[in-house]
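The values are calculated or read from the model by the stated rules, or taken from the named source; none is laboratory data. Just so you know, these numbers come straight off a predicted model, no measurement behind them. As a convention, Cβ positions derive from the backbone with ideal geometry for all residues, glycine included, and neighbour counts pool all protein chains shown. What goes into the accessible areas is simple: the full protein's heavy atoms, side chains included, and nothing from ligands, DNA or RNA. Shrake-Rupley method; radii C 1.70, N 1.55, O 1.52, S 1.80 Å.
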Amino acid sequence: MSVVPDVALTNGVSIPQLGFGVFQIPPEETRDAVLTAFEVGYRHIDTAEMYGNERGVGEALRASGLTREEVFVTSKLNNGYHRRDDVLRAADQSLADLGVDQMDMFLIHWPLPTIDVDYVETWKAMIEVYRAGKARAIGVSNFQVPHLQRLLDETDHVPAVNQIEVHPYLTNESVRAFGAQHGIATEAWSPIAQGLVLGDPVLVEIAERVGRTPAQVTLRWHLQRGDIVFPKSVTRSRVEENFALFDFELGDAEMSALGALNRDQRTGPDPDTFARVPA
Ligand code: NDP
């Protein structure tokens, strides 16, 4: 039994609440980084076509000795593939690159609300991918409340998750609350804001008080809020540190103090305007 709790998604599929993200891990280093994560105990990997390292994730899966059922694998539809036929092709390509018959989760990476393909059409194609059994669950990433609302109004399939930027400097409450209201689990990307929050004096003081590192306190804060996280690290000691979250708890005062650090500060693009598609 893993120490990591599962989160039950609306369609009955369970996802480990703590996983390992591979954004910005070079393709040739991905296999070893993921194998290290498996050794430490992670059983949930978050990748994307955009990261260029799905093959490395697949190599690690095969080299690990773990069964396919033991690992939860998420990938994401890249921005250039929002048209229906491209969605179907991209899903097949991700399956081939990962070397699996089925993804556990497949997400629309960005809504791209300003491009000439409507994300509702893209979502309908994602539903086809789901119904064809190519993903056990489907969801979205970087969707704002109006984007989610349109999917609820115009299709018959609720996204299982919405993967959005969340950390103490961007608590993203309204999008999280909308998700909670509609059974859409929140996945918090860049959970330590790529390191930006770690020197914050409030966080450092709490970390000293509870005898943990600032990264551990931040990740624990996410878990206690109920969000799913997958910190990235290519440094073994940090991969271990980020997994050691299940033998301490933050009190209400500490939870509130971290939440009060919010300054609506994004480290990544604004989903309402982001429109970059690969050439
Ligand atoms: P994170 O918030 O996970 O931070 C990663 C950075 O922090 C790396 O530079 C890492 O360094 C460093 N780090 C990790 N652990 C520690 C620690 N314990 N102490 C100090 N520094 C540490 O950023 P990411 O942007 O990678 O986000 C996590 C995952 O979220 C991604 O890998 C990806 O799967 C997903 N994501 C999704 C996005 C989306 O649009 N859907 C966008 C961005 C991320 P080092 O590796 O050198 O050890």
Q. P(r) tail for the stretch 110-202, what percent of Cα pairs lie past 15 Å?
A. 62 percent
Q: Have a look at the DSSP beta bridges in the chain and tell me what percent are antiparallel, nearest 5.
A: 15 percent
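Over the chain, calculate the relative contact order: mean separation of alpha carbon pairs under 8 Å at least 6 apart, over the residue count, as a percent.
19 percent
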**Q.** aspartates and glutamates whose Cα lies under 12 Å from that of Lys232, excluding same-chain neighbours fewer than 8 positions away
**A.** Asp46, Glu240, Glu241
**Q.** Alpha carbon centroid spacing (whole Å) that separates the stretch 13-50 from the stretch 101-178
**A.** 21 Å
**Q.** Accessible solvent surface per residue of the chain, calculated while the other protein chains remain in place, 1.4 angstrom probe, Å²
**A.** 42 Å²
Q | Set of lysines near Lys134 by C-alpha distance (under 17 Å), chain-local residues within fewer than 8 positions excluded | A | Lys76, Lys124
Q | Kirkwood Rh in Å, taken over all unlike Cα pairs in the stretch 159-279 | A | 15.0 Å
Q: Restrict the search to the stretch 215-263; then list the chymotrypsin sites (Phe, Trp or Tyr not before Pro) that DSSP places in a loop and that have at most 12 other Cβ atoms within 10 Å of their Cβ.
A: Phe248
Q. Ranked highest first by the average count of other Cβ atoms within 10 Å around their residues, in what order do 258-270, 50-62 fall?
A. 50-62, 258-270
**Q.** Radius ratio Rg over Rh of the stretch 38-189, counting only Cα atoms, Kirkwood formula for Rh
**A.** 0.96
Q. For the chain, what class follows from the C-alpha gyration tensor (a ≥ b ≥ c being the square roots of its eigenvalues): rounded when a/c is under 1.5, otherwise prolate if a/b is larger than b/c, else oblate?
A. oblate
Q.
With +1 assigned to the C-beta of every Lys and Arg and -1 to the C-beta of every Asp and Glu, and no other charges, what is the dipole magnitude of the stretch 1-105 about the Cα centre in debye, to the nearest 20?
A. 200 debye
Q | Theoretical gain in end-to-end length, Gln93 to Arg62 [0.36 nm per residue, Cα-Cα removed] | A | 9.4 nm
**Q.** the stretch 81-232 - percent of accessible surface contributed by carbon and sulfur, probe 1.4 Å
**A.** 48 percent
Q) Can you give the calculated 222 nm mean residue ellipticity of the chain, where each DSSP H run of n ≥ 4 adds -39,500 (n - 2.57) and the sum is split over every residue, rounded to the nearest 500 deg cm²/dmol? A) -12000 deg cm²/dmol
